[in-house]
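The structure under discussion appears below in the form of structure tokens.
Just so it is clear, none of the values below were taken in a lab; they were calculated from the coordinates. Keep in mind it's a predicted model, so treat the numbers as computed, not measured. Quick reminder, even Gly has a Cβ in these numbers, built from the backbone with ideal geometry, and neighbours come from all protein chains shown.
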Amino acid sequence: MVGSAALIGSVHTVIGPDHYLPFVALSKARQWSIRKTMWITALCGVGHVAGSIVLGLIGIAAGITVRSLELFESQRGEIAAWLLVAFGLLYGAWGLRQAIRNKPHTHSHTHANGTHHSHTHSHIKDHAHPHGEDSKNVTPWILFIIFVFGPCEPLIPLLMYPAAALNAGAVALVAGVFAVVTIATMLVLVYLSCAGLSLVSTERLARYGHALAGATVFLCGLGIQLGL
């Protein structure tokens, strides 16, 4: 049972791009350090797993059937997917607006001595992020809320079988192993993706970084809705 929890925890994370791509895209767009990216990923991973563990334990205590819990998890998944879609659309629209406003343009100058030169710049290059410390911190918390709603569907049946045998220790062990492996897999995938992306020159796309991050989050939510 423990081996199954570890295997299912890692596989369900790897095959679900929504578990890591939003962090990679937003980390690149918002220029988070790798340390900050890891902390945000871990926080969202804890919220993601804890929601299903709490639901499973409530179901065990109340004697709710596996089928009923899985149905409820499915409904939570719908909510999480729509939240990803909405957040991706709003963030992408804001990012596109920033990209349009940040279009580089050239100024020509002629000095009294006859010297002529020109330079290219953008007016809001240094203001690509929303103003104010609160606005900078809101994105991680939006992700956290979305991941709390996001269910770990495979966890419910894993918890129910040892619970049926009235083995509380096994229930705790299965939940713990599943949680640790899921979060660890998220961290490894995000780290490797960020490290790989840092080796690729994205200077030409930097202006559209926020728009592309929003599109990535949107596609992750849409993929969940379409069962991809």
Could you list 91, 208 so that the one with the fewest beta carbons within 10 Å of its beta carbon is first and the one with the most is last? 208, 91
Rounded to the nearest whole number, the Stokes-Einstein translational diffusion coefficient of the range 1-102 at 4 °C and 1.567 mPa s (Kirkwood radius, C-alpha pairs) in µm²/s is 80
Exposure proxy check on 193, 68: fewest-to-most Cβ neighbours within 10 Å is 68, 193
Could you work out the mean projected area of the convex hull around the alpha carbons of the range 1-57, in square nanometres to one decimal? 4.6
Footprinting exposure proxy for 186, 1 (fewest neighbouring C-beta atoms within 10 Å first): 1, 186
Label model pair residue 4, residue 153: point-to-point distance (7 angstrom along the Cα→beta-carbon line) in nm is 1.8
So for each of 22-32, 37-47 I average, over its residues, the number of other beta carbons within 10 Å; can you give me the resulting order with the highest mean first? 22-32, 37-47
